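One structure is given below, encoded as structure tokens.
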Amino acid sequence: EPEVTQTPSHQVTQMGQEVILRCVPISNHLYFYWYRQILGQKVEFLVSFYNNEISEKSEIFDDQFSVERPDGSNFTLKIRSTKLEDSAMYFCASSEIGQGGYEQYFGPGTRLTVT
Amino acid sequence: GQQLNQSPQSMFIQEGEDVSMNCTSSSIFNTWLWYKQDPGEGPVLLIALYKAGELTSNGRLTAQFGITRKDSFLNISASIPSDVGIYFCAGQRGTYKYIFGTGTRLKVLA
């Protein structure tokens, strides 16, 4: 069964450093998303991406964050200058269809620890 | 902002018992999804609901889209130990994002 994959599974970085989290969405999906989950809390939407541009973003997704689809399979989330409060699980998700409601399938996540 | 409240927050049940949990909001949603999350893993999609009043089953799981469109319910019948985890509802209002609920932590006693 097709699934979303993410690398690395765990990333430790120092405050102020740049990190890139990588995702390979399900191959026939066209819409891609990043969510984050601070330990013990609920899952929060960050950004959605379609046709090589951001379609929606939350207030969490500030200028420190960017997303990119550098090739036909990968989808990345970059945090330019990490802060302690960026420590969280970051989940990539994808769906066949976007606006109007459709199933979003999640990857296993990348645990980001900022020290 | 939009908030989805889930209840109960956590529950202990005996293996074989049926489980009910719900998700409520003050806002109307167009789509509801139910996910299960195991520790350290990503949410796994269980059921999707698209119409008010819709009742959908997936094995031992049954979910309903509330008539008011402000709530949704998930039932698990004859629980087994592997049902342990956190169950999240997620609602969408016609944009791209899903808003996740606060979660219900389920623990099953063998």
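A short reminder: the numbers here are calculations on the coordinates, not readings from a lab. Just so it is clear, the structure is predicted and the values come from calculations on it, not from any experiment. Cβ atoms come from the backbone with ideal geometry, glycine included; neighbour counts cover every protein chain shown.
When region A:39-91 is filtered for residues that are away from chain B (no Cβ under 12 Å) and hydrophobic (A, V, I, L, M, F, W, C), the ones remaining, listed by number, are A:F65, A:V67, A:F75, A:L77, A:I79, A:L84, A:A88. Total residues in region A:18-33 satisfying the condition of being surrounded by 14 or more Cβ atoms within 10 Å (Cβ to Cβ), more than 14 Å from every other protein chain (Cβ to nearest Cβ) and not aliphatic (A, V, I, L, M): the figure is 1.
Residue count for region B:48-72, restricted to those that are under 22 Å from B:T95 (Cβ atoms), among the polar types (S, T, N, Q) and surrounded by fewer than 20 Cβ atoms within 10 Å (Cβ to Cβ): 1.
Can B:L45 be described as surrounded by fewer than 20 Cβ atoms within 10 Å (Cβ to Cβ), within 22 Å of A:Y90 (Cβ to Cβ) and either facing chain A (nearest Cβ under 8 Å) or more than 10 Å from the chain's Cα centre (by Cα) (or both)?
Yes; evaluated as a whole, the condition is true for this residue.
Restricting the first member to region B:81-98 and to residues that are within 21 Å of A:L46 (Cα to Cα) and within 9 Å of chain A (Cβ to nearest Cβ), and the second to residues that are crowded, with 17+ Cβ neighbours inside 10 Å and of a type in the set (D, E, K, R), the beta-carbon pairs closer than 8 Å and six or more apart or on different chains are B:F88/A:K42; B:F88/B:K36; B:T95/A:E56; B:Y96/A:E56; B:K97/A:E56.
Give me the residue from region B:64-80 that is in a strand (DSSP E or B) and either within 13 Å of chain A (Cβ to nearest Cβ) or among the hydroxyl-bearing types (S, T, Y) (or both) and, out of that set, nearest to the chain's Cα centre (by Cα).
As a first pass, look at region B:64-80 and keep what is in a strand (DSSP E or B): B:64-65, B:71-76.
Among the residues that remain, those that are also either within 13 Å of chain A (Cβ to nearest Cβ) or among the hydroxyl-bearing types (S, T, Y) (or both) are: B:65, B:72.
Values: B:F65: 10, B:S72: 7 Å.
Here the residue is B:S72.
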